[in-house]
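*Asks:* First the structure, which I've put down as structure tokens, then a few questions once you've had a look.
Values in this text are rule-based calculations from the coordinates and carry no lab data. Note that the structure is a prediction, hence the values are computed from the model and not measured. Backbone-built Cβ (ideal geometry, glycine too); neighbour counts: all protein chains shown.
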Amino acid sequence: MTRHFLDLSDAGTDALAAMLNDAIERKRIRTGWPKGLHDDDTPLRGRVLAMVFEKNSTRTRVSFDIAMRQLGGTALVLDAGTTQLGRGETIADTARVLSRMVDAIMIRTDDHAKIEELAHYASVPVINGLTDQSHPCQIMADLQTVIEHGKALPGLEIAWLGDGNNVLSSIVEAAGLMHFNVRIAVPEGYDPDPRYFDRAREQGAQITLTRNPAEAVSGADVVVTDTWVSMGQADSAAKIAAMTPYQVNPPLLAGAKADTLFLHCLPAHRGEEVTDAVIDGPRSVVWDEAENRIHAQKSVLRWVFGQL
Ligand code: CP
Ligand code: NVA
């Protein structure tokens, strides 16, 4: 059966653990190597990944490209606006054609239903490179970063501040699968997707929701935020005003554990959801997190090809 990675649950707990171990080990082996040099075993030799973008990207685009090169394969970028998809060719027909030409498809789009439709009609693996609903590849890199900085996932207390968005949904999904807890502080009207929330709770994760940022951060092992206005959302003054008390700044971070880690998927809007003092400060691991997109995605790629 074709393996798709539309959400973290497609892989499940055991596979996610294997992928995280693989990412950490592959990264360790090639420490200090030139980035264009391939891994010794080139496990995806001869494979081609098509990357379809209906939204902007820096990290996802570059990290998938470099990941494929390091694994011995190649990748090509399709800016949806310059393809026939952008002129109305159906997702089903695009899936059928790409499946004859490439070995896997990564897509960044808006409506999650589109990626499900693509996976339905594709006969090669489809990977979610972000939808309005979730961002699973990002969370693989986040979990890798947390583990590499010495924190075990089970029982971990992660605080989320700001908007109840796609990145948060994947963190909540990961909490259920990898047995950690999430304290969410978001303003009223911006709550996270209840589907992920309810499932993680059924799996035993403690997912709490508060309007009080200090309460969420108190004693947290990891503090996470993201842009207040995601791609495709309206940039309203009312939303920014509602989000302002949820900014991650030094006084707020002081309430977390002394060795807390600060994560942000980037791009950051400095002075909005996070201040310079935090993102450039000693608790911030955002550059490791960004680099880990390469390593984590190599394991996602190996998993969809049945190698993990
Ligand atoms: N974090 C992330 O997905 O970044 P890009 O939008 O640059 O891909
Ligand atoms: N929540 C953000 C993440 C960007 C990587 C967005 O969807 O724009």
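*Asks:* Taking the chain on its own, what percent of its Cα-Cα pair distances exceed 34 Å?
*Replies:* The answer is 19 percent, as a whole percent.
*Asks:* Still on this structure, I have one more. If the viscosity is 0.890 mPa s and the temperature 25 °C, what Stokes-Einstein diffusion coefficient in µm²/s follows for region 199-308 when Rh is the Kirkwood radius over Cα pairs?
*Replies:* D = 154 µm²/s.
*Asks:* Beyond a 31 Å Cα-Cα separation, which of these cross-linked pairs lie in this structure: 27/55; 55/298; 55/151; 55/239; 35/151?
*Replies:* Table pairs above 31 Å Cα-Cα are 55/151.
*Asks:* Sticking with this one: Magnitude of the Cβ-charge dipole of the chain, K/R +1 and D/E -1, about the Cα centre, nearest 20 debye?
*Replies:* Around 780 debye, computed over the chain.
*Asks:* Quick check on region 1-50: take the gyration tensor over C-alpha atoms, sort the square-rooted eigenvalues as a ≥ b ≥ c, and tell me if it's rounded (a/c under 1.5), prolate or oblate.
*Replies:* oblate
*Asks:* Of 6, 246, 33, which is farthest on the positive side of the dipole of the chain, counting Cα position, with +1 on Lys and Arg Cβ, -1 on Asp and Glu Cβ, and the Cα centre as origin?
*Replies:* So the residue we want is 33.
*Asks:* Sort out for me the Cα centre separation of region 128-173 from region 43-93, rounded to whole Å.
*Replies:* Computed from Cα coordinates, the inter-centre distance equals 23 Å.
*Asks:* Counting only helical runs of four or more DSSP H residues, what would the 222 nm mean residue ellipticity of the chain come to if each run contributes -39,500 (n - 2.57) and the total is spread over all its residues?
*Replies:* That calculation yields -12000 deg cm²/dmol at 222 nm.
*Asks:* Hey, another quick one. Region 107-214: which trypsin sites (Lys or Arg not before Pro) are DSSP loop and have at most 13 other beta-carbon atoms within 10 angstrom?
*Replies:* When the trypsin sites (Lys or Arg not before Pro) of region 107-214 are filtered for loop state and at most 13 Cβ neighbours within 10 Å, 211 remain.
*Asks:* Of all the stretches in the chain, which is the longest one without any exposed loop site, taking GluC sites (Glu not before Pro) in a DSSP loop (any state but H, G, I, E, B) with at most 14 other Cβ atoms within 10 Å?
*Replies:* 189-308
*Asks:* Quick check: from the Cα gyration tensor, does region 123-172 come out rounded (a/c under 1.5), prolate or oblate?
*Replies:* Since a/c reaches 1.5 but b/c is at least a/b, the shape of region 123-172 is classed as oblate.
*Asks:* Grab the Cα-Cα distance for residue 74 and residue 92, subtract it from 0.36 nm times how many residues apart they are, and report the gain in nm with one decimal.
*Replies:* Taking 0.36 nm per residue and subtracting the Cα distance, the gain is 4.1 nm.
*Asks:* Rounded to whole Å and ordered largest first, report the semi-axes of the equivalent ellipsoid of region 145-274 derived from its Cα gyration tensor (root of 5λ).
*Replies:* They are 22, 17, 13 Å, listed largest first.
*Asks:* I'd like to know how region 48-136 sits against the 2.2 N^0.38 Å rule of thumb: what's its Cα Rg over that expected value?
*Replies:* So region 48-136 has a normalised radius of gyration of 0.99.
*Asks:* If you don't mind, another one. Any chance you could check the Cα centroid distance between region 179-239 and region 277-297 for me, in angstrom?
*Replies:* 20
*Asks:* Something else: Based only on other Cβ atoms within 10 Å, what is the fewest-to-most ordering of 1, 243, 140?
*Replies:* 1, 243, 140
*Asks:* Test of understanding: what is the full-extension gain from residue 110 to residue 21, defined as 0.36 nm times their sequence separation minus their Cα-Cα distance?
*Replies:* 29.0 nm
*Asks:* For region 193-262, build the convex hull from the C-alpha positions and give me its volume per residue in Å³.
*Replies:* Convex hull of Cα atoms, per residue: 118 Å³.
*Asks:* Mind sorting 107, 66 by how few other Cβ atoms lie within 10 Å of their own Cβ, fewest first?
*Replies:* Placing the least packed residue first, the sequence is 66, 107.
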